[in-house]
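Each remark here refers to the structure printed beneath this line.
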Amino acid sequence: MQKREQGKSGGSAGGGAAPPAKRGRPFGSGSSSSSAAASAADLAAPSTLLGPSLHVHNSFADQNNKRIVLALQSGLKSELTWALNTLTLLSFKEKDDMRKDATPLAKIPGLLDALLQVIDDWRDIALPKELAKSTRVRTLGANSVVTGFGNEYQALGSTGTLHRPGVGSGSTGVESTQHNGVTKSRFTELWHDEDGLFNLDDEGRAEKQQCAVGASNIIRNFSFMPDNEVIMAQHRHCLETAFQCIEDHLVEDEELVTNALETIVNLAPLLDLRIFSSSKPSFIKITEKRAVQAIMGMLESAVKAWHCAAAELLGRLIINPDNEPFLLPFFPQIHKRLIDLISMPALDAQAAAIGALYNLAEVNMDCRLKIANERWAIDRLLKVIKTPHPVPEVCRKAAMILESLVSEPQNRSLLLAFENAFAEILFTDGRYSDTFARILYELTSRPNNKVATARGIWGM
């Protein structure tokens, strides 16, 4: 965003400089050879439109809500694809799009459950390939050639053929020629023609997986809408499915895991982990401990998008006091990992870790003691402020964490080792001078602090 603003200011200041090529147009479209009409259109276009945009009338959801749900439940590829494409358009909302009459899609009866069923269908078949279809003993109609159980070709043998009236001469063909001349074996009989259904081969599995990813993306879009947050945060099946996806992040599709994680992050301010032990019907039997362990698995991940989102998720969950009993046993691991994230060069990882530590430091005394005793914690917090981080709010939170740590008498001996660094920031950076003045006051002006009386530079 800053680069874009700099580009605008540079173009206005340069006067004769050619504007940059627009996104979605051929390279060189911003050259002086463009027509006057195109230039006028560019000037008339709002600066917020960065590319092509597609809007669907909101009444479409009201008029077709039952059809969308039935299409998701049908299991037919064409119907399912249409429903997923339609919901993707209806659930997408651009950053600056203020559609006040947008339909809260999660309130459509049965829609959220139908989307979750699409993901569950994929999860049910996402099994190791060693599992083979076992033979089933069938006694009904054993003396007839055609039983209706799908074993017609096994009964007739490799050379046998079945004839049906009205199918035509091509009904008995076993091979069909494609446009590229490659022959592909295919049965054309009615009871083996699965047009519109998902096959059980690798191609069918891939299609199921794509549908599950599309459904997870729609659910993620739902979670951005304020009207849907309460419903989704209290929907146990939705939360169980999302947590199970991130729990299996080592073997599950990465995009599906990312969508599930972002959904949980969006719902975190309203999320109460006690829902997993409530009387609401359960589908996957996720417990509070398993949910936190799944988050910890994402926090320890090497994927930046995952550990950043997990850090942000922990910072939001701890705001709710009802979640503290489930997070407290994992605090030593959480503190250590968050301090490690601060040392990473990625700025967004630093911001996510400091945001989480800012909320964790306000929980209780034990948390503040553990953060202060974590190796390199204070040094890395100071480094974020001194560097400084490009986002001032991150630096402010880092300073507030230090102020929370110094409020505990047991931490003052540790913080006194950084007294000179605190004083340097106090005199050189006016943005955080008030915070570090309070920190130094706490360190040196307490009468019961004998070490501070000997070493302090304030109040002597």
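The values are calculated or read from the model by the stated rules, or taken from the named source; none is laboratory data. This one's a predicted model, so the numbers in the text were calculated from it and none came from an experiment. Quick reminder, even Gly has a Cβ in these numbers, built from the backbone with ideal geometry, and neighbours come from all protein chains shown. SASA here: full protein model, heavy atoms, side chains in, ligands and nucleic acids out. Shrake-Rupley method; radii C 1.70, N 1.55, O 1.52, S 1.80 Å.
Worth pointing out:
- Test: residue in segment 271-284 that is open to solvent by 10 Å² or more (accessible area, probe 1.4 Å), among the aromatic types (Phe, Trp, Tyr) and closer than 29 Å to PRO390 by Cβ: no
- The sole residue among GLU403, GLU424, GLU408 that is farther than 15 Å from ALA372 by Cα, open to solvent by 10 Å² or more (accessible area, probe 1.4 Å) and free of Cβ contacts under 8 Å to residues at least 60 places away in the same chain is GLU424.
- Pairs with Cβ under 7 Å, 6+ apart, first in segment 70-85 and closer than 17 Å to GLY204 by Cα, second open to solvent by less than 30 Å² (accessible area, probe 1.4 Å) and of a type in the set (Lys, Arg): none
- Candidates LEU49, LEU89, LEU70 - the one that is surrounded by fewer than 18 Cβ atoms within 10 Å (Cβ to Cβ), over 18 Å from PHE222 (Cα atoms), of a type in the set (A, V, I, L, M, F, W, C) and at pLDDT 70 or above: LEU70
- When LEU261 is tested against the conditions (1) under 21 Å from ASP348 (Cα atoms); (2) among the hydrophobic types (A, V, I, L, M, F, W, C); (3) surrounded by fewer than 21 Cβ atoms within 10 Å (Cβ to Cβ), the lone failure is (3).
- Condition broken by ALA260, with the remaining ones in (1) within 14 Å of ASP120 (Cα to Cα); (2) touching an Asp or Glu at 6+ places or on another chain (Cβ under 8 Å) satisfied: (2)
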